[in-house]
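Below is one structure, written out as structure tokens; the observations come after it.
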Ligand code: ACM
């Protein structure tokens, strides 16, 4: 049985195979052209196959909106010696099926260079495949260390291979602002660059003395959104507020609580005390930035960060105390939920769904989708209260933690180890959840914070194969570790072909 990751819902593999060669043509039903284009694009570098359209081609792509049970992302694939039929109810389902076809071919099909000596045999198969969870994500922090747009395309390609459907892009933080905003050009001009970088964990260690910076253009981000959409991946933008904004305050000090302070883009790690003010100028700033975000990113969800926001500055600020009084809040700490609630309302009025990291989650309105990261108990608590939830618990989904405790393993984010088995053992739905609460758990996602991760090779060493395990558990209901391991052994040949490093680079 071919080793597919993620594991399909139902699959059988009768003997025999279909051979793809230069004569193979595609029979394309209405609305299937984008999927056919993706199939050609993905197979062309290694195979050179033209896969031309033809009304009587043996390889058929069909959309059948009435076909029940396949949902938005499911597909059915039948391969016999004479024919291939890929069928879905929705175009995204075809895109998922194409990734399965890629995995069914010899691993060389994933190569970026011509592989002329290979026979492109597709094993006979009968597959019906529907995801268990509708949110299967991966977060990349490009604020701490910037990565060029071209790399993000490769990153998306690797996600799509694993049927990961949300690419969460962490665009702003204390150490860098990466998204251009026409109304506030200094966000990237000043906020996109820091003078140097601390080498050790929170508040310790030497500085490297080397400037670091970078930001995307609007065109690059629009192109990324389009590229990802062609692969069935939604780009979820995250703009942090009201904390994690030091880079913005370096560019526009009046957005903060002490404009005279002369802040730099942060060069160290940890939680920064400087946060946005709660005056009208700061709220207007957030709304203007988010208008530009909504203009670029069609994602129904918009992430506004929200975590790790020290409130000491608000306690000391006269304008914040006025805000507490005017809003009838009990204390300055309550400004955190108040602030996020106002911005959440703004997003809802604009037809989007606000997403935030859950500190506990109890302070946020129910129209927030929560990413529960701190405490495993928060997922159940948030779902029971009525939030939609993405389970992002740090002990099972944070890929910046080391892959193992072995002495030769490079040190990651300190404090924890998240090994492959731990990721695979992570069920997005808490065991105690009743059907109603379980229904509010959208799924799960991996996070890669990049304080100590500077290169694409290091990103991929930390991401794979752990993201394979998360993809498997979020797509499939299968839980058998040994069975996953044996599939992963075969899948590793695909990752090798793609140049994903097995060893620390
Ligand atoms: C987080 O780890 N700051 C959500």
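The values are calculated or read from the model by the stated rules, or taken from the named source; none is laboratory data. Model, not experiment: these values are computed from the prediction. Don't worry about glycine lacking a Cβ; one is built from the backbone with ideal geometry, like all the others, and counts go over all protein chains shown.
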If we ask which residues in the range 121-141 are in contact with a helix residue (DSSP H, G or I) (Cβ under 8 Å, 6 or more places away or on another chain) and outside any strand (DSSP E or B), their number turns out to be 3
Condition (residue is more than 23 Å from residue 129 (Cα to Cα), in contact (Cβ under 8 Å) with a residue 60 or more places away in the chain and within 16 Å of the ligand (Cβ to nearest atom)) applied to the range 418-433: is it met by at least one residue?
no
Selection from the range 476-504 of residues outside any loop (DSSP other than H, G, I, E, B) and either modelled with pLDDT under 95 or in contact with a strand residue (DSSP E or B) (Cβ under 6 Å, 6 or more places away or on another chain) (or both) yields none
Listed by first then second residue, the pairs whose first member lies in the range 305-318 and is under 18 Å from residue 202 (Cβ atoms), whose partner is in a loop (DSSP other than H, G, I, E, B) and within 13 Å of the ligand (Cβ to nearest atom), with beta carbons under 6 Å and at least 6 positions apart or on separate chains, are 307/359; 308/243; 308/271; 309/243
Checked the range 365-383 for anything assigned to a loop (DSSP other than H, G, I, E, B), away from the ligand (no atom under 14 Å from the Cβ) and either modelled with pLDDT under 95 or farther than 14 Å from residue 437 by Cβ (or both); matches are 365, 367, 368
Screening 44, 36 for residues that are touching a helix residue (DSSP H, G or I) at 6+ places or on another chain (Cβ under 9 Å) and under 19 Å from residue 160 (Cα atoms) leaves only 36
Considering residues that are in a loop (DSSP other than H, G, I, E, B) and either within 16 Å of the ligand (Cβ to nearest atom) or surrounded by 14 or more Cβ atoms within 10 Å (Cβ to Cβ) (or both), the number found within the range 328-357 is 2
Checking 49, 86 in turn, the sole residue that is farther than 22 Å from residue 127 by Cα and crowded, with 16+ Cβ neighbours inside 10 Å turns out to be 49
Could you tell me whether residue 389 is away from the ligand (no atom under 16 Å from the Cβ), free of Cβ contacts under 8 Å to residues at least 60 places away in the same chain, surrounded by 14 or more Cβ atoms within 10 Å (Cβ to Cβ) and within 21 Å of the chain's Cα centre (by Cα)?
no
Just a yes or no: is a residue in the range 405-414 closer than 23 Å to residue 378 by Cβ, at pLDDT 95 or above and surrounded by 20 or more Cβ atoms within 10 Å (Cβ to Cβ)? no
The correct count of residues that are more than 16 Å from the ligand (Cβ to nearest atom), within 25 Å of the chain's Cα centre (by Cα) and farther than 14 Å from residue 143 by Cα in the range 231-279 is 5
Exercise for review: Answer yes or no as to whether residue 289 is within 26 Å of the chain's Cα centre (by Cα), part of a helix (DSSP H, G or I) and under 23 Å from residue 387 (Cβ atoms).
Suggested key: no
Going through the range 399-414 in order, the residues found to be out of contact with any strand residue (DSSP E or B) (no Cβ under 8 Å at 6 or more places or on another chain) and within 16 Å of the ligand (Cβ to nearest atom) are 414
### Message
Going by what's in this entry, would residue 282 be described as more than 25 Å from residue 372 (Cα to Cα) and either away from the ligand (no atom under 16 Å from the Cβ) or modelled with pLDDT of 95 or more (or both)?
### Response
yes
Filter pass, residue 478 being surrounded by fewer than 19 Cβ atoms within 10 Å (Cβ to Cβ) and free of Cβ contacts under 8 Å to residues at least 24 places away in the same chain = no
Conditions (1) surrounded by 15 or more Cβ atoms within 10 Å (Cβ to Cβ); (2) within 16 Å of the ligand (Cβ to nearest atom); (3) touching a residue at least 60 places away in the same chain (Cβ under 8 Å) -> residue 396 fails only (3)
Restricted to the range 60-85 and to residues being touching a residue at least 40 places away in the same chain (Cβ under 8 Å) and part of a strand (DSSP E or B), the residue nearest to residue 474 (Cα to Cα) is 75
